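Read through the structure below, which is laid out as structure tokens, and then see the notes.
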Amino acid sequence: MNSANPSFQIAPASLSDLNALRELDRICFEQDQWPLIELIAVLALPGIIRLKAEVEGKMAGFIGGDTHRTEGVGWVTTIGVLPEYRRQGIARALMLAGDEAMGQPVIRLSVRRSNYSAQRLYSSLGYHYAEVWHRYYVDGEDGLVMEKNNLKND
Ligand SMILES: CC(C)(COP(=O)(O)OP(=O)(O)OC[C@H]1O[C@@H](n2cnc3c(N)ncnc32)[C@H](O)[C@@H]1OP(=O)(O)O)[C@@H](O)C(=O)NCCC(=O)NCCS
């Protein structure tokens, strides 16, 4: 990480982070905001991993992952970093910590076709394109499913 930037810590998140997560979700996902019930679920349901990145006690980033959706596959269901904390390696660190916490042989996620910055992040972590979900997002944009196989050394 750039030493000019404040350092961050990764820690488990909980329901007490609901307000901060709501704000982060609103800012990071203009078109794809989650309803309140989904935000509560990601912070509280079993079988879900939830990690936050904090800078000076403030939530700067968040990752949620689901280990129950598909056998042997962990799904990254959300990852976001507040704009003022981007390009400091926070999402990369959250992805690595989330992967470890899910502990699954395969990790998958979906990303908007136009979201090049996120796709670059995932490619740099060893994810490859696995599937297209046509018109998956609310405005009809395709979702690209990207996948990482933790059992391979590629
Ligand atoms: C995508 C997102 C999570 C990246 O967060 P971040 O903390 O800035 O990412 P990192 O600093 O860890 O970046 C790691 C690498 O990803 C790639 N990357 C990240 N943002 C990028 C951008 N805007 N342009 C090009 N590459 C980018 C780069 O390879 C980067 O490494 P580098 O900085 O050494 O070049 C963040 O931009 C975000 O929250 N976007 C809005 C929400 C979103 O799109 N989430 C993903 C939904 S699928």
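Read-outs: derived from the displayed coordinates by stated rules, not from any lab. Quick caveat: nothing in here was measured; it's all calculated off a predicted structure. Backbone-built Cβ (ideal geometry, glycine too); neighbour counts: all protein chains shown.
For Q33 and V132, compute 0.36 nm times the residue count separating them, minus their Cα-Cα distance, and round to one decimal in nm.
33.5 nm
With Cα atoms defining each centre, the stretch 108-128 and the stretch 69-89 are spaced 10 Å apart in the structure.
On the basis of the beta-carbon distance and an R0 of 30 Å, I40 and R87 show a calculated FRET efficiency of 0.50. Listing V132, V81, V73 from fewest to most neighbouring C-beta atoms within 10 Å gives V132, V73, V81. Is the stretch 4-53 best put as rounded, prolate or oblate by its Cα gyration tensor, with a ≥ b ≥ c the root eigenvalues, rounded for a/c under 1.5, and otherwise prolate when a/b is larger than b/c, oblate when not? In terms of gyration-tensor shape, oblate. Calculated FRET efficiency, T70 to R120, Cβ-Cβ distance, R0 = 30 Å: about 0.75 to the nearest 0.05. For the stretch 35-150, the Kirkwood estimate of hydrodynamic radius, built from reciprocal distances between every pair of different alpha carbons, is 14.7 Å.
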